[in-house]
Amino acid sequence: MIQTNSNEYITDTDTYIVLDLEWNQNPDGRENAIEGFPFEIIEIGAVKLDHKLNLIDEFSCIIKPVVYKKLHSKVYEITNKSIQELRSKGKPFQEAFTKFIDWCSTDKHGAKTVSEYTLCTWGDMDLTELQKNIKYHNMDFKFKFPLLFYDIQKLYYRLYCKGTTDRPPLERAVYELQIKSTLPFHRALDDARYTVKVMQAMDFNCVKEYISIDYFNVPTCKEDEVYMIFPDYSKYISRTFISKEEAMTDKTVTDIVCSKCRRMLPKRIKWFSSNQRHYYCLASCPEHGYVKGKIRIKPSLDGQYFVIKTIKPIDKAGVEDIRRRKEELRKKRAKHHAAQLTSQNK
């Protein structure tokens, strides 16, 4: 198992690559898209920063579409790019991506000086779609595993959006931080520049420990499973399982270990779920009080399933929330059972 404290990773990072992508989709609707390839990247924009968030260099490249050769009306509306511009100025994806990766590890003079860099994005979709494009074009490239990155949207949400559930768009963060917006949005390089400005304006150092984990490639064996400890919770990424049921019978998946003191904890409310995707449980630690466990089961690329488990201490309101969810499930099942009995007695 790959196990680390999130702050151990921070010390290895001396360069940030702030990445933004623009993509096209099937103009005839999502239902007509190629399976596993809903979005074709049409622009890569990135800004390279040093460890103090000072500008080192910028990267921009338009990509010639080869799959969806007409622009979706919404894409044309927000990017203000024409298919003619993409065809005349765009480079093949393989060439553009290779140049981008080479640029990531060089200084502004082209010298190979960057040994370690961390990708930063607004939201978690960019890296997923980037890897889907890499796979579609049969490129012999994989990011290191596990791929850790900074989701700046998540960090902004953590700092400024408590009490809400919606993650803010980049434009809103720029407005709320009173950042001067002279550049258009939905241009890859310009959005990367705005993301940099948000990083520089917010207290980035305060939330640096909350690194994100990309789920495009997941552990395939026990040895590759990931366990990370954050200041106020822990996260576990399992290997793949044939079924959801198999996943929920695995002891490592269902064990609850306190994220603070590493004790194995007794469960006060065992794992339960009403939708087979999200599972909850309640445990108690003699030193740190009540602890909430949450499991999300997600499909992997090979058609199997993997688990994302988070464990964190909770307050009285959190305890009541889990008890309420459990009681609602009990009532729902009792109602369903009563309806079945009524139907059988007719």
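Some notes on this structure:
- Relative contact order %, the chain, counting alpha carbon pairs below 8 Å whose residues are six or more apart: 15
- Close amide H partners of Ile2, meaning residues 5 or more places away or on another chain with modelled amide H under 5 Å apart, are Glu225, Val226, Tyr227.
- Cα-derived Rg over Rh, computed across segment 218-333 with Rh taken as Kirkwood radius: 0.97
- Dipole of segment 7-207 [Lys/Arg +1, Asp/Glu -1 at C-beta], most positive-end residue of Thr13, Asn138, Ser105: Asn138
- Remark on Ile56: its backbone amide H falls under 5 Å from those of Lys48, Leu49, Asp50, a criterion applied only to residues 5 or more positions apart or on other chains, H modelled at 1.01 Å from N.
- Between 0 and 90°, nearest 10: helix 93-104 axis offset from the chain longest Cα axis: 90
- Modelled FRET efficiency - R0 45 Å, Ser243 with Asp28, Cβ distances, 0.05 increments: 0.85
- Charge dipole (Cα centre; +1 on Lys/Arg Cβ, -1 on Asp/Glu Cβ; no other charges) of segment 218-333 amounts to roughly 600 debye.
- Each DSSP beta bridge with both residues in segment 7-207 is either parallel or antiparallel, and the antiparallel ones are about 75%.
- Cα long-axis angle, helix 188-201 against the chain (0 to 90 degrees, to the nearest 10): 60
- If only the Cβ of Lys and Arg carry +1 and only the Cβ of Asp and Glu carry -1, the dipole of segment 7-207 around its Cα centre is close to 380 debye.
- Taking trypsin sites (Lys or Arg not before Pro) across segment 43-110, the ones in a DSSP loop with at most 10 further Cβ atoms lying within 10 angstrom of their Cβ are Lys52.
- Here the Karplus curve 6.51 cos²θ - 1.76 cosθ + 1.60, taken at θ = phi - 60°, turns the phi angles of segment 40-49 into couplings of 9, 5, 10, 7, 10, x, 7, 10, 9, 10 Hz, with x standing for Gly and Pro.
- Cα long-axis angle, helix 125-136 against the chain (0 to 90 degrees, to the nearest 10): 70
- Here the Karplus curve 6.51 cos²θ - 1.76 cosθ + 1.60, taken at θ = phi - 60°, turns the phi angles of segment 152-163 into couplings of 5, 4, 5, 5, 4, 4, 5, 7, 10, 10, 5, x Hz, with x standing for Gly and Pro.
- Compared with the alpha-carbon gap, the fully stretched path from Ser82 to Ser284 is longer by 66.9 nm at 0.36 nm per residue.
- Note on Ile101 and Asp302: the extension gain reaches 69.7 nm, defined as 0.36 nm multiplied by sequence separation minus the Cα-Cα distance.
- Think of the chain as a dipole: +1 on every Lys or Arg Cβ, -1 on every Asp or Glu Cβ, centred on the Cα centre; then among Asn275, Met202, Ser234, Asn275 lies furthest on the positive end.
- Within the chain, longest stretch clear of exposed GluC sites (Glu not before Pro) (DSSP loop, no more than 14 other Cβ within 10 Å): 117-286
- Among Ser243, Val319, His51 - extreme Cα towards positive end, dipole of the chain, charges at beta-carbon: Val319
- Which labelled figure in [x] 27.8; [y] 23.2; [z] 21.7 is mean projected area of the Cα convex hull in nm², once derived from the coordinates: [z]
- Separation of the Lys162 and Thr128 label points, Cα + 7 Å toward Cβ, nm: 2.8
- In this simple spin-label model, placing a label point 7 Å from the Cα along the Cα-to-Cβ direction at both Glu320 and Asp50 gives a separation of 5.2 nm.
- Measuring between alpha carbons in the structure, the pairs from Lys48/Lys132; Lys197/Lys260; Lys142/Lys162; Lys142/Lys267; Lys70/Lys154; Lys135/Lys260 lying more than 31 angstrom apart are Lys197/Lys260; Lys142/Lys162; Lys142/Lys267; Lys70/Lys154; Lys135/Lys260.
- Rounded to the nearest 500, the 222 nm mean residue ellipticity of the chain from helices alone is -9500 deg cm²/dmol, with -39,500 (n - 2.57) taken per DSSP H run of at least 4 residues.
Computed from the coordinates by the stated procedures, all read-outs in this text should not be read as laboratory data. Here the structure is a predicted model, which means the values were calculated and not measured. A quick note on method: Cβ atoms are made from the backbone with ideal geometry, for glycine too, and the neighbour counts reach across all protein chains shown.
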